[in-house]
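To keep things clear, I will list the structure first and then write my remarks on it.
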Number of protein chains: 2
Amino acid sequence: MNGMNEMSTKLKARADRMTSKRDAKKRQIAQSAIDALKHLGYANTTLRDIAAHSDLSLGMLHYYFEDRGTLIIYCVGIYKEAFVHDFRTALNDASGPEQVIEAFTQALVASIIDDDMTHRLWYDIRNQAFFDATFRPVVDEIETALIDIVSLALTKAGHAVPPNVAYHYALLDGAFRYAMQHQMGDTPKTRGELEDVFRRVLTQFL
Amino acid sequence: MNGMNEMSTKLKARADRMTSKRDAKKRQIAQSAIDALKHLGYANTTLRDIAAHSDLSLGMLHYYFEDRGTLIIYCVGIYKEAFVHDFRTALNDASGPEQVIEAFTQALVASIIDDDMTHRLWYDIRNQAFFDATFRPVVDEIETALIDIVSLALTKAGHAVPPNVAYHYALLDGAFRYAMQHQMGDTPKTRGELEDVFRRVLTQFL
DNA sequence: ATAAAAACTGGACGGCTGTACAATTTTTTA
DNA sequence: TAAAAAATTGTACAGCCGTCCAGTTTTTAT
């Protein structure tokens, strides 16, 4: 009655435990890799940089990831989860145009000030996708999620989602990227100035 | 009365002729390099790629340009001249909001359709400047010129140039970049659809 | 025409990169 | 506890890259 079945479930449990443990390790490695990538950028970060930055041996990276591209794509996926989650929770309690604009603005400004290096990496990877097609799926996935956030904001503000919502995202992204670029320069804006910028942009369609 | 003077002016004329000839060659090389960079991107274009693409020997590149970075920065400068010139002439005959919006829209759409590869390179270099400080001066110079174009459009439309004109540029750039990205994908928009997008954006502040 | 200067060539060199793998250590299983 | 599996290390390798340079050809000046 058992035997084979007991064995197979046991093996399955073992395999699951293995893969979950392996996934945890992959996540940990990816987090270290992101730290390195944030500082050096896609083009300038070698596997040795990542290994050194995370006290890992070089061979480890190839043991957990097929090749460099696979590792970086995995990293971008990890980045997405965190970023999208932050904005969804920020918008969660808002209702009506005023509250949504305020919550969205606060989330954008906080993200620019705290995570500028991370966004720099995102823009770097998004650009790489122009030239390296293997990055395109994950970049598209993230950009779809970002457009969904804009749709969510529109909905929470009480508006219908227009067909050109993607261009609302595009405009907002242009302002965000520009603000971030200058925030990393030698004349960063104050929190209040940044708030004004995004409130004005968001007011145009929220 | 002459002698020394005659000699020095002659030498000067010769030196000028030399440098102008040298500059012409540098431009020619840069144009070939841009062709290669447009297709492969900053990170994936080697000096050998450029040499092969332009029937030049490898040593030539180092003979005319100190190093790889100098060559690429020179290329970006060449790109700027052409792009900015195109838009200034496009806006030159326009007067009043309607004409300016129409001329600007037509220039943007034509540029997206014809020069998408070139813009891809521009966005690539602008991103590199995030991580490689040597690119920052030329990128800043170009972005200033682009903001000036927006200011010119505002002026031609009869408006005063607002202090936040840079953010008008940023919004427009966001839309432009997004449109370009999808234009290179598998579902490019028609010319009319693109015109609608930019007319709508430009109408917001022109 | 000849000597000097500039333009150009092709290859060599050292360094770095991603990848692969044999050897060792740690963990798990029976 | 002994054997098997997984995890981890360090190194070796093959290839590519930017840079440099000795030598050759072409252009310029007198």
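The values are calculated or read from the model by the stated rules, or taken from the named source; none is laboratory data. Since the structure is predicted, the reported quantities are computational estimates derived from the model, not experimental observations. Methodologically, a virtual Cβ is constructed for each residue, glycine included, from the backbone with ideal geometry; neighbour enumeration extends over all protein chains shown. Quick note on the areas: whole protein, heavy atoms, side chains included, nothing else; ligands and nucleic acids left out. Shrake-Rupley method; radii C 1.70, N 1.55, O 1.52, S 1.80 Å.
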Point to revise | Residue, most open to solvent (accessible area, probe 1.4 Å), within the range A:94-119, restricted to residues that are of a type in the set (D, E, K, R) and modelled with pLDDT of 95 or more | key: A:98
Exercise for review: Scan the range B:111-163 for residues that are polar (S, T, N, Q) and closer than 19 Å to residue B:31 by Cβ and report the count.
Suggested key: 2
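If the requirement is being more than 10 Å from DNA strand C (Cβ to nearest atom) and outside the structural domain of residue A:79 (by TED's automatic domain parsing), which of these qualifies: A:51, A:30, A:43?
Working: A:51 fails: more than 10 Å from DNA strand C (Cβ to nearest atom); A:43 fails: more than 10 Å from DNA strand C (Cβ to nearest atom).
Answer to the selection: A:30.
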Revision key, fill the gap. Matching residues in the range A:168-195 (of a type in the set (S, T, N, Q) and surrounded by 19 or more Cβ atoms within 10 Å (Cβ to Cβ)) number 1
Practice item. Would you please name the residue that is farthest from residue A:180 (Cα to Cα), looking only at residues in the range B:148-165 that are among the aliphatic types (A, V, I, L, M) and buried (at least 19 other Cβ atoms within 10 Å of the Cβ)? Key: B:157
Study note, to complete from the structure: Across the range A:196-206, the tally of residues that are open to solvent by 20 Å² or more (accessible area, probe 1.4 Å), modelled with pLDDT of 95 or more and within 10 Å of another protein chain (Cβ to nearest Cβ) stands at 3
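Conditions (1) touching a residue at least 12 places away in the same chain (Cβ under 8 Å); (2) more than 24 Å from residue A:147 (Cα to Cα); (3) at the interface with chain A (Cβ under 10 Å from one of its Cβ atoms), marked per residue:
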position: B:103; (1), (2), (3): yes, yes, no
position: B:109; (1), (2), (3): yes, no, no
position: B:135; (1), (2), (3): yes, yes, no
position: B:165; (1), (2), (3): yes, yes, no
position: B:185; (1), (2), (3): no, no, yes
Check your understanding: What's the number of the condition residue A:129 fails, among (1) without any contact (Cβ under 8 Å) to a residue 60 or more places away in the chain; (2) open to solvent by 20 Å² or more (accessible area, probe 1.4 Å)?
Key -> (2)
Review point. Within the range B:111-127, can one find any residue that is among the polar types (S, T, N, Q) and within 14 Å of chain A (Cβ to nearest Cβ)?
Key: yes
Review point. Name the residues in the range A:137-146 that are at the interface with chain B (Cβ under 10 Å from one of its Cβ atoms) and crowded, with 19+ Cβ neighbours inside 10 Å, would you?
Key: A:139, A:143
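Quick check on residue A:29: is it away from chain B (no Cβ under 14 Å), under 21 Å from residue A:134 (Cα atoms) and within 16 Å of DNA strand D (Cβ to nearest atom)?
So residue A:29 fits the description; yes.
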Revision key, fill the gap. Reported set for the range A:41-74 where residues are assigned to a loop (DSSP other than H, G, I, E, B), within 10 Å of DNA strand D (Cβ to nearest atom) and either within 14 Å of chain B (Cβ to nearest Cβ) or open to solvent by 50 Å² or more (accessible area, probe 1.4 Å) (or both) is A:55, A:57
